[in-house]
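Chemist: Would you mind keeping the following structure in view while I ask a few things?
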Amino acid sequence: MLGEKVGTFTGTTTDKVLPAQGGFPAFETSAQTSGKLAGVDVQSMATYSASVQPDGSLYGECPNSGVVMASDGAATFRATGCGQMTADGGAKFRGAVYFQTSAPSLMAVNG
């Protein structure tokens, strides 16, 4: 499963500016999404924070403040990643996500 794409989500986000870190901008994004995780229809809510690094890249994390809900239960998750700004003013990240669940349908992502 390492490096494998296990889900696709679409939804809405709300951004908030955070106090600068070491003179560099920081922000928080809250997301409400729906999609598929391990082939299962899910709803998700999460809050991520990100900060601009001295080289212009982004470092982001979701410190165990994400939840995914399936019809047979829920999963919590934490995530970290590195990213960059996009031409349209957004950002894209690559990283790792760690799930914890007891929902039978989501056991494939547990760990």
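Derivation of every value follows stated rules applied to the coordinates shown; laboratory data play no part. In this text, all values refer to a predicted model and were calculated from it rather than measured experimentally. As a convention, Cβ positions derive from the backbone with ideal geometry for all residues, glycine included, and neighbour counts pool all protein chains shown.
Chemist: Of the residues 36, 5, only one is loosely packed, with under 11 Cβ neighbours inside 10 Å, under 24 Å from residue 109 (Cβ atoms) and charged (D, E, K, R); which?
Modeler: 5
Chemist: Here's something else I'd like to know. Within the range 70-107, which residues are surrounded by fewer than 17 Cβ atoms within 10 Å (Cβ to Cβ), farther than 26 Å from residue 21 by Cβ and not small (Gly, Ala, Ser)?
Modeler: 72, 100, 104, 107
Chemist: Taking only the range 83-111 into account, find how many residues are free of Cβ contacts under 8 Å to residues at least 12 places away in the same chain and in a helix (DSSP H, G or I).
Modeler: Matching residues across the range 83-111 total 1.
Chemist: Within the set of pairs 6 or more residues apart or between chains, which connect a residue that is within 20 Å of residue 70 (Cβ to Cβ) inside the range 7-32 to a residue that is of a type in the set (Lys, Arg) with Cβ atoms less than 9 Å apart?
Modeler: 7/36; 8/36; 9/36
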